[in-house]
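A single structure is presented below for examination.
The values are calculated or read from the model by the stated rules, or taken from the named source; none is laboratory data. Since the model is a prediction, treat every value here as computed from it, not as a measurement. Heads up, the Cβs are rebuilt from the backbone with ideal geometry, glycines too, and the neighbour counts pull from every protein chain shown. SASA here: full protein model, heavy atoms, side chains in, ligands and nucleic acids out. Shrake-Rupley method; radii C 1.70, N 1.55, O 1.52, S 1.80 Å.
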Amino acid sequence: MTRPPKPTKWLVVLLLLHGIVAAAGFFAPYDPIEQDRERPYFPPMRIHLIDAHGHLHLRPFFYPLRLREGSFDRYEEDTATTIQLRFLASGARYRLLGVVPARLHLFGTAGSRIYLLGSDAYGRDQLSRILYGGQVSLLAGLLGAGVTLLLGALIGVAAGYFGGWRDELLMRLAELFLALPWLYLLFALRAFLPLAVSPLEAFLLVVVVIGMVGWARPARLVRGVVLSAKERDFVRAARGFGASNLYLLQRHILPETASVVLTQAAILVPQFVLAEMTLSFLGLGVPEPTSSWGNLLATLQQYNVLVSYWWMYLPALAIVPFFLGYLSLASALQERASPYKIEEKTNWNLS
Amino acid sequence: MQPLLKVENLVKHYGAGRSARSKDKLAALDGVSLSVLPKTTTALVGESGSGKSTLALCIACLEHPTSGSISFEGIDLASLDENQLRLLRPQIQLVFQDPASSLNPRWTALEIVSEPFFVQRRYSKPDRAVRALRLLDRVAISRKMAARSACELSGGQKQRLAIARALALEPKLIILDEALSALDCSVQAQISNLLLELQASLGLTYLFITHDFGMAAHLADQIAVMDRGRVVESGSAENVLYSPNHEATRALLAATPRFSEPPAELVHA
């Protein structure tokens, strides 16, 4: 038996990943909506240290691309000129974390643009769009999970603690929500709204919809924990001293639900990021030119993009480290909350 | 003498919800009458499922009886509203069978024993800590243990802690619901002596719920025997132990383990 992994380890990994996305302005070399119509669908470019003549350069550089002869969409490196990468360069203006105005970027180029992860139909830098798109997708996931857990925990506690007809009513409602075909519900909701909504409105709509839809499952889990917690003898004992419902909930019952809520949070965030991606992919989410992981993938709906430009799939890879981080965190939290706490403390090492 | 606690014709049905039909109802208590004199120990003996714990919960106002009355110092508990009940609750305290479940495992011993002060908003903050430490001293839990969380204490220490917590609000009646059953023999002896000592110094009244006639004989002045939701026999400890009238009492007495006479060849050896 191995010692279960510490949740803190995964928490640190996730914080780093989120930090990169939150500071997208610094890590992205360009403004995500800045177009360059001369360079549509440029493939990812390579960074070199050794040039075509075999000389070693101390500063990494790249060659600009030019159309291959006799082709209209195949590019090759033009080795006549080298363009040096500049680190901690000043470039497009942005606001760090949406507040602090800044111009500093991790790297930049003078003159020709470098597309490390290729460019899209309008010559926009994919790397920058993926980083900025992560802000929208992750924020939607986090806020959606927050709304869901708040609703779920409130409803679960109310149902479990007060019981009786309230429990019956809330749990039937939860079953109804679990059974709803929410994607179609969203279509219907979207049909009510005007054709063009602002990115902010669309974002809030997505958050509210995914937040409202998911509460039923955490509510049922929390209800279960509350049902067993309120029958514990220490709750009875406290009632026996004359404790009020509010006191019992605050001091004894809510702390019992904490591990379930945290585990649910770690499971729900990636689920909701995926939900945002689905909605944006279908065009129901955040509209262009703002990028999100979902609408970056939406170009794949065009057949020529699907078969010709493999780098347009890259936004789908961006979510992988986040998913692994969140799911590992969830399982670490779950193991920590398991009833075999003493074994964990005594640090058995039988493997 | 005026009894401290008087239970009359108490009935408690479970599963009496809206959807349950009358024949599905389970009578946990089926007309229990009992009275407990102040500063005495009354043992309530019965096999599992005879309704002892339900009676304990009803007396401690943690369950509502279906019918019948409980009066404490002449006050009918059913007539009290929530606020009056809050003031009366400190008078009646319950010690549970399993201390692992009756103490919040996340809390330290000191937090647990001072919880009743917080709930009842008694005493100033520094005063609470002093009183809590004094209570822990009473049940022989050291200062070093006071900072440990409840799950780190041994079974005997946990039960002593639970007793200290029950004493915090200076109750008149303590209901011990199988409070010794989960402990091993030497710890049982230690805690039963602690209980006797506390009774002598604080003038406590005990309602001692058990299935063990041996313990009842050791602690009790009065014994009441319960069977299937009814008190079938009650009286002074000697009478019940040495001249039992009811079949259920005899069956329980016969089931109490004891040493048989030693074989003759060992007596002289």
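So, in the range A:237-248, of the ones that are of a type outside the set (Phe, Trp, Tyr) and surrounded by fewer than 20 Cβ atoms within 10 Å (Cβ to Cβ), which residue ends up nearest to the other protein chains (Cβ to nearest Cβ)? Don't jump to the end; show me each part of the working.
Let us first name the residues in the range A:237-248 that are of a type outside the set (Phe, Trp, Tyr), namely A:237-240, A:242-246, A:248.
Now narrow it down to the ones that are surrounded by fewer than 20 Cβ atoms within 10 Å (Cβ to Cβ): A:244-246.
Details: A:Ser244: 8, A:Asn245: 10, A:Leu246: 11 Å.
Filtering first and then ranking leaves A:Ser244.
Of (1) closer than 28 Å to A:Arg95 by Cα; (2) surrounded by 12 or more Cβ atoms within 10 Å (Cβ to Cβ), A:Glu38 satisfies all except one. Which?
Going through (1) closer than 28 Å to A:Arg95 by Cα; (2) surrounded by 12 or more Cβ atoms within 10 Å (Cβ to Cβ) one by one, A:Glu38 breaks only (2).
Would you be able to tell me the number of residues in the range B:212-244 that are closer than 19 Å to B:Asp30 by Cβ and part of a loop (DSSP other than H, G, I, E, B)? Talk me through it step by step, then tell me what you get.
Residues of the range B:212-244 closer than 19 Å to B:Asp30 by Cβ: B:224-234.
After this cut, where a residue has to be part of a loop (DSSP other than H, G, I, E, B) as well, the list is B:228-229.
The total comes to 2.
Is it the case, given these coordinates, that A:Leu268 is assigned to a helix (DSSP H, G or I), more than 11 Å from every other protein chain (Cβ to nearest Cβ), under 23 Å from A:Leu154 (Cα atoms) and touching a Pro at 6+ places or on another chain (Cβ under 9 Å)? Quick ask: steps written out before the conclusion?
On the way: assigned to a helix (DSSP H, G or I): yes; more than 11 Å from every other protein chain (Cβ to nearest Cβ): yes; under 23 Å from A:Leu154 (Cα atoms): yes; touching a Pro at 6+ places or on another chain (Cβ under 9 Å): yes.
Yes; evaluated as a whole, the condition is true for this residue.
Among the candidates A:Gly283, A:Gly214, which residue alone is within 22 Å of A:Gly325 (Cα to Cα), in the same structural domain as A:Leu173 (by TED's automatic domain parsing) and open to solvent by 10 Å² or more (accessible area, probe 1.4 Å)?
Details: A:Gly283 fails: within 22 Å of A:Gly325 (Cα to Cα).
Sole residue among the options that is within 22 Å of A:Gly325 (Cα to Cα), in the same structural domain as A:Leu173 (by TED's automatic domain parsing) and open to solvent by 10 Å² or more (accessible area, probe 1.4 Å): A:Gly214.
Please find, among B:Ala132, B:Ala150, the residue that is in contact (Cβ under 8 Å) with a residue 12 or more places away in the chain, over 21 Å from the mean Cα position of the chain (by Cα) and buried (at least 22 other Cβ atoms within 10 Å of the Cβ). Full working, then the answer.
Values: B:Ala150 fails: over 21 Å from the mean Cα position of the chain (by Cα).
Just one listed residue meets the conditions, B:Ala132.
Out of the range A:223-236, which residues are open to solvent by less than 40 Å² (accessible area, probe 1.4 Å), among the small types (Gly, Ala, Ser) and either within 15 Å of B:Pro90 (Cα to Cα) or within 12 Å of another protein chain (Cβ to nearest Cβ) (or both)? So that I can check it myself, show each step before the final result.
Quick first cut of the range A:223-236, residues open to solvent by less than 40 Å² (accessible area, probe 1.4 Å) only: A:224-226, A:229, A:233-235.
Okay, now just the ones that are also among the small types (Gly, Ala, Ser), so A:224, A:229.
Answer for the range A:223-236, where residues must be open to solvent by less than 40 Å² (accessible area, probe 1.4 Å), among the small types (Gly, Ala, Ser) and either within 15 Å of B:Pro90 (Cα to Cα) or within 12 Å of another protein chain (Cβ to nearest Cβ) (or both): just A:Ala229.
Moving to a separate point now. In the list A:Val261, A:Val208, A:Val197, which residue meets the criterion of being outside any helix (DSSP H, G or I) and surrounded by fewer than 22 Cβ atoms within 10 Å (Cβ to Cβ)? So that I can check it myself, show each step before the final result.
Numbers: A:Val261 fails: outside any helix (DSSP H, G or I); A:Val208 fails: outside any helix (DSSP H, G or I).
After ruling out the rest, the residue left standing is A:Val197.
Just to verify a result, which residue in the range B:83-126, among those that are more than 13 Å from A:Ala237 (Cβ to Cβ), among the charged types (D, E, K, R) and facing chain A (nearest Cβ under 9 Å), is surrounded by the most Cβ atoms within 10 Å (Cβ to Cβ)?
Out of the qualifying residues, it is B:Arg86.
Considering (1) more than 28 Å from B:Leu161 (Cα to Cα); (2) away from chain A (no Cβ under 14 Å); (3) surrounded by 15 or more Cβ atoms within 10 Å (Cβ to Cβ); (4) not acidic (Asp, Glu), say which one B:Val36 fails and leave the rest.
All conditions are met except number (1).
Moving on to the next point. Please specify each residue of the range B:49-82 satisfying the condition of being part of a strand (DSSP E or B) and either open to solvent by less than 20 Å² (accessible area, probe 1.4 Å) or touching a Lys or Arg at 6+ places or on another chain (Cβ under 9 Å) (or both).
Taking the range B:49-82 first, the residues part of a strand (DSSP E or B) are B:67-72, B:75-76.
B:Ser67, B:Gly68, B:Ser69, B:Ile70, B:Ser71, B:Phe72 - these are the residues of the range B:49-82 that are part of a strand (DSSP E or B) and either open to solvent by less than 20 Å² (accessible area, probe 1.4 Å) or touching a Lys or Arg at 6+ places or on another chain (Cβ under 9 Å) (or both).
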